[in-house]
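Down below is the structure, laid out as structure tokens.
The values are calculated or read from the model by the stated rules, or taken from the named source; none is laboratory data. Values in this document were obtained by computation on a predicted structure and should not be read as measured data. Cβ atoms come from the backbone with ideal geometry, glycine included; neighbour counts cover every protein chain shown.
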Amino acid sequence: MTRPSSPWQRGLQHFNGVLFLPNSVDGTERGLGSAWTTGGGTITHTGGSTAFDTQLKRTIYTQVVTTTNQELGPRLSLAGDYQFWMGNDTTNHDYLGGFYMSAIFRIGAWAADTGRLFVGLTGSANPMCISDTELANTLGLWHETTDTQDQLFMVAVTNGAAVTKTQLTAHSGAVSPVVNAPGILAAGVTLLWEMWAFPSSVGTVNTNCRLSKFDATTKAVTEVVWNAVGGGPLNTVMMAPQCQMSNGTADTTAGHYAIEVANVYCTAPSGELL
């Protein structure tokens, strides 16, 4: 596929993105392009260490006592933050739309699999992580309270709230451990989540995801999954990124859940990937 003929697609990328980066002031957020929002929890920061998997500076969001369904982690939620979509231009091979999103985060604390994790894009102004009811027009990495040990899913939700959960499994060329191996969803694990979508006019199965683990023992980044999925948000709905965790309803003990976010990045593709 050649680059799109229209300059508009390239204009969407140069530069129409958002970026979250940690700072050094507890309780404040940094970002490029937007003001990031967080809910409850205690916000602290840590600099990089010399360990292989903790060299990145991180903002830490930690559960506080007594509160259920806490929102931990950054998201974009203001009206002007919704700028990423599948795209609905099917004429002249312009292929407007599509996106690339990535997030590097560390699971600081994970007491039990009754917690929630969501890293992805949604068209809702609400946080995905505070309920097991998936939000309409949403795509991303997902674990809800009823999922079992180490189960991670790519969730795709339509405008009518039809939910497709695809469990992430190792692709044929993946290196062990596979995604659902014991310990992939546990305290001390650093993960890189990526997902990208071609504009909707390119095809119906056009959303791809990849999960990689920073292995402190082997000092390597191990790709543990690469899947292509279909379905999901309408091609007329704009979305914004979230990288969040929640304690759910079963555990209200302070410090039992924490997410450490190194960065979140999202932009429209310029066309070279088409």
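Which residues, counting only those in the range 212-244, are free of Cβ contacts under 8 Å to residues at least 40 places away in the same chain and among the charged types (D, E, K, R)?
Narrowing the range 212-244 to residues free of Cβ contacts under 8 Å to residues at least 40 places away in the same chain: 212-213, 217-218, 220-221, 228.
The one that is free of Cβ contacts under 8 Å to residues at least 40 places away in the same chain and among the charged types (D, E, K, R): K213.
Count, please, the residues in the range 16-63 that happen to be assigned to a loop (DSSP other than H, G, I, E, B) and either more than 30 Å from L96 (Cα to Cα) or modelled with pLDDT under 85 (or both).
The total comes to 30.
E194 is checked against (1) surrounded by fewer than 17 Cβ atoms within 10 Å (Cβ to Cβ); (2) of a type outside the set (F, W, Y); (3) modelled with pLDDT of 85 or more; (4) not in a loop (DSSP other than H, G, I, E, B) and fails just one. What number does that condition carry?
Every condition holds for E194 apart from (1).
Residue under question is A109, and the condition is that it be surrounded by 19 or more Cβ atoms within 10 Å (Cβ to Cβ) and either closer than 26 Å to V221 by Cα or at pLDDT below 90 (or both); does it hold?
When the stated conditions are applied, A109 passes them.
For the range 131-151, enumerate the residues that are in a loop (DSSP other than H, G, I, E, B) and either touching a Ser or Thr at 6+ places or on another chain (Cβ under 8 Å) or not charged (D, E, K, R) (or both).
Step one: of the range 131-151, the residues in a loop (DSSP other than H, G, I, E, B) are 131-137, 144-151.
Within the range 131-151, S131, D132, T133, L135, A136, N137, T145, T146, T148, Q149, Q151 qualify.
Could you please give the count of residues in the range 202-257 that are of a type in the set (A, V, I, L, M, F, W, C) and part of a loop (DSSP other than H, G, I, E, B)?
Within the range 202-257, residues that are of a type in the set (A, V, I, L, M, F, W, C) and part of a loop (DSSP other than H, G, I, E, B) number 7.
Suppose we keep only residues that are part of a loop (DSSP other than H, G, I, E, B) and surrounded by 16 or more Cβ atoms within 10 Å (Cβ to Cβ) within the range 152-167. Which one would you say is modelled with the highest pLDDT? Before the answer, list the steps.
Our first condition is that a residue be part of a loop (DSSP other than H, G, I, E, B); within the range 152-167, this holds for 152, 158-162.
The next check asks that each one be surrounded by 16 or more Cβ atoms within 10 Å (Cβ to Cβ); those that pass are 152, 158.
Values: L152: 90, T158: 86.
Ranking the qualifying residues of the range 152-167, first place goes to L152.
One residue is enough: does the range 219-242 have a residue meeting the conditions polar (S, T, N, Q) and at pLDDT 95 or above?
yes
List every residue pair whose Cβ atoms sit under 6 Å apart, with the two residues 6 or more apart in sequence or on different chains, where the first one lies in the range 146-167 and is at positive phi and the second, anywhere, is outside any strand (DSSP E or B) and of a type in the set (A, V, I, L, M).
From residues that are at positive phi, the pairs are D150/I184; D150/L185; A161/A136.
Kindly indicate whether G271 is more than 27 Å from F20 (Cα to Cα) and modelled with pLDDT under 75.
no
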